[in-house]
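All remarks here apply to the structure that follows.
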Amino acid sequence: MYEEVYAQGVTNMLTNKLGWQEIDADLIDMALGILHVAEADMTDFFRRLADINVHAPAVEILRPAFYREDLFVAHRNQLAAWLAAYARRVLEGQDGADNGLRRERMNAVNPRFILRNYLAQQAIDCATEGDFSLVHTLLNVLTRPYDDNPAHAQWYAIRPDWARQRVGCSMLSCSS
């Protein structure tokens, strides 16, 4: 029972993140597979996907959501095929082809900002030295995580490469 409810909840969440009104399990599974093997940041991917023009989908809009350029290039054709299927699904489905409405729905469930481990670790490091300014800044940004605020743009970035192997930034222990 729990597993069914959980699976349905995840499917509904992903359906909303994709801007759909109705489930398309095959396209969801395909997207998750590509995002996994190509090492994409899911939060950034879904937020950028809202900006796709479904009448002329361009995979380049999604490029910054990938951690590794080589994996983006290696999976570009697969991603482009998925994006074309996504656009067709939106245009032909019950979701409507209105880019503005779809974008609005997607941005309401896909945050622009999340407190990433590397940001939290930087704030901890500064606070340990007695400087709480980054803690206050991040708290301020967290008050409106769905807003696109140009003043906060530096906090929207995916995890930088330097944080990939740094303890506290991408690797956490049980006591973290």
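The values are calculated or read from the model by the stated rules, or taken from the named source; none is laboratory data. Predicted, not measured: the structure shown is a model, and the values here were computed from it. Counting neighbours? That spans all protein chains shown, and the Cβs are built from the backbone with ideal geometry, glycine included.
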field: In the stretch 52-63, the residues that are surrounded by 12 or more Cβ atoms within 10 Å (Cβ to Cβ) and either in contact with an Asp or Glu (Cβ under 7 Å, 6 or more places away or on another chain) or of a type in the set (G, A, S) (or both)
entry: A58, I61
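With respect to F66, is the statement that it is surrounded by 12 or more Cβ atoms within 10 Å (Cβ to Cβ), closer than 16 Å to M106 by Cα and at pLDDT 90 or above true? Can you show your working first?
Details: surrounded by 12 or more Cβ atoms within 10 Å (Cβ to Cβ): yes; closer than 16 Å to M106 by Cα: no; at pLDDT 90 or above: yes.
Considered against the rule, which asks whether it is surrounded by 12 or more Cβ atoms within 10 Å (Cβ to Cβ), closer than 16 Å to M106 by Cα and at pLDDT 90 or above, F66 comes out as no.
Any chance the stretch 65-76 includes a residue that's among the basic types (K, R), under 23 Å from N149 (Cα atoms) and in contact with an Asp or Glu (Cβ under 8 Å, 6 or more places away or on another chain)? Explain how you work it out, then say what you get.
Step one: list which residues in the stretch 65-76 are among the basic types (K, R), which gives 68, 76.
After this cut, where a residue has to be under 23 Å from N149 (Cα atoms) as well, the list is none.
No, the stretch 65-76 has no match at all.
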- request: Counting only residues that are within 25 Å of A153 (Cβ to Cβ), small (G, A, S) and out of contact with any helix residue (DSSP H, G or I) (no Cβ under 7 Å at 6 or more places or on another chain), give me the helices (runs of 4 or more DSSP H) lying completely in the stretch 1-110 with at least 2 of them.
  value: 99-109
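State yes or no: is L101 buried (at least 16 other Cβ atoms within 10 Å of the Cβ) and either on the phi > 0 side of the Ramachandran plot or not aromatic (F, W, Y) (or both)? Full working, then the answer.
Values: buried (at least 16 other Cβ atoms within 10 Å of the Cβ): no; either on the phi > 0 side of the Ramachandran plot or not aromatic (F, W, Y) (or both): yes.
Judged against the criteria, L101 is not a match.
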